[in-house]
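Below is one structure, written out as structure tokens; comments come after it.
Read the figures in this text as sums done on the coordinates, not as results from a lab. All values derive from a computational prediction rather than experimental measurement. In this analysis, Cβ positions are derived from the backbone assuming ideal geometry, glycine residues included, and neighbour counts consider all displayed protein chains.
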Amino acid sequence: MRGVFVDANDTLAEIFERQRQSGDPDVSVHEDPNITPEAWPALLGGAEIGIVDHTALPTEIARQCAGLKHVVFLGTGARSYMNPDELATLGIEVHLIKGYGDTAVAEAAIALMWASARGLAQMDRAMRAGNWLRDDAMQLTGKTLGLIGFGGIAAEVARIALGSGMRVIAWNRTPKQHPGVDFVDLDTLLAQSHVVSLHLLLNDETRGFITGQRIAQMKPGVILVNTARGAIVDEAAMIAALKSGHIRHAGLDVFNIEPLPKDHPLTALPNVTLSAHSAFRTPEASENLIHAAWQHCRRIAHGN
């Protein structure tokens, strides 16, 4: 059984080779993170396993990948890049990796929250332009953080926020309990939260989940943090709320279009802090990610 890591960057390629063990399945590494979806069939060359970091696999392209039976997606958000249900009809199973970067993403969400509350990016940009910008910030101690979706990442966000003196409330689509966190209905969360942080997987039910109506239900002057997926939010409604000031500031790591075009409306708004879909990128998370990818390949090769 053969596999191909189709879009490895230098860092992931090095970790992948370092974690290779004697007796592992034959998995080659293609070191080019900028391939197009059309490159899949030639790169695989009949291999049964495709490991992918971020390159889309449209169903029509998958049909051209003779021999492909397994896609190991490096993360949980495969639906942003492919349709696992359609691939299943072609006999292709999509394997996800959960929990590898919970702490990394949580720390990034917290960093975006604090940067948004203090206006750090605004001050940095202004000072580089020769302006001494000082505005009143939001003090977060004693404020309410609302977590929409509650998995491993949200649990880590709650741990850090509780330790900094915030009240943490959460809404989840299925009942949950967690020490120190009050689980409430969605309307209550939107009305009471000074900061709303998104932690939902993207699927048909959550696409566009944060509608204009739900943004309007949020507290005036709310901070919105999104380290989940851009498509969970109605982008036009979010931009309108940022312009009106209803959303005080947004800390965003994910976008509908990635990479974000330099002329995108979000880049022109002063009350937005942007990061390049990098919340999960730490050495620790990358090691965990590749370890899990190899485990998938080993299980597949042994028929498990």
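Can you give the helix-only mean residue ellipticity at 222 nm for the chain, where every DSSP H stretch with n ≥ 4 adds -39500 (n - 2.57) and the sum goes over all residues, rounded to the nearest 500 deg cm²/dmol?
Taken over the chain, the calculation gives -10000 deg cm²/dmol.
Subtracting the Cα-Cα distance from 0.36 nm times the residue separation, let me have the gained length for R173 to R63 in nm, one decimal.
36.2 nm
Say the dipole of the chain comes from +1 at the beta carbon of Lys and Arg and -1 at that of Asp and Glu; which of N304, T227, N203 then lies farthest toward its positive end?
Highest projection toward the positive end goes to T227.
Please work out how many pairs of lysine residues in the chain are eight or more positions apart (or on different chains) and have Cα atoms closer than 23 angstrom.
The number of close lysine pairs in the chain is 6.
Once you sort the root eigenvalues of the Cα gyration tensor of the stretch 58-182 as a ≥ b ≥ c, which label holds: rounded (a/c under 1.5), prolate (a/b larger than b/c) or oblate (the other case)?
oblate
Give the distance, in whole Å, between the Cα centre of the stretch 1-76 and the Cα centre of the stretch 102-138.
Going from one Cα centre to the other spans 37 Å.
Magnitude of the Cβ-charge dipole of the chain, K/R +1 and D/E -1, about the Cα centre, nearest 20 debye?
Roughly 920 debye, rounded to the nearest 20.
What is the fewest-to-most order of R214, R63, R229 by other Cβ atoms lying within 10 Å of their Cβ?
R63, R214, R229
Rounded to the nearest 0.05, what FRET efficiency is calculated for Q217 and R134 with R0 set to 41 Å and r the Cβ-Cβ distance?
0.85
Taking 25 Å as R0, compute the FRET efficiency from the Cβ-Cβ separation of T141 and L269 and round it to 0.05.
0.40
Please report, in debye to the nearest 20, how large the charge dipole of the stretch 102-274 is about its Cα centre when each Lys and Arg carries +1 at its beta carbon and each Asp and Glu carries -1 there.
Dipole magnitude for the stretch 102-274 comes out near 380 debye.
Once both labels are modelled 7 Å past Cα along the beta-carbon direction, what's the D185-Q295 spacing in nm?
Result for the modelled spin labels: 3.9 nm.
Only Cα pairs under 8 Å and at least 6 apart count here; give the relative contact order of the stretch 1-147 as a rounded whole percent.
Worked out over the stretch 1-147, it gives 17 percent.
Separation between the E93 and R2 pseudo-spin-labels, each 7 Å from Cα along Cα→Cβ, expressed in nm?
2.2 nm
State to the nearest 20 debye the size of the charge dipole of the stretch 107-172 about its Cα centre, where the only charges are +1 on K and R beta carbons and -1 on D and E beta carbons.
For the stretch 107-172, the charge dipole is close to 80 debye.
What percent do you get for the relative contact order of the stretch 102-274 when only Cα pairs under 8 Å and 6+ apart count?
That works out to 22 percent.
Using the reciprocal of the averaged 1/r over all distinct C-alpha pairs, how large is the Kirkwood radius of the stretch 111-264 in Å?
Evaluated over the stretch 111-264, this radius sits at 16.0 Å.
For the chain, what are Rg and Dmax over the alpha carbons, in angstrom?
For the chain, the Cα radius of gyration and maximum Cα-Cα distance read 20.7, 63 Å.
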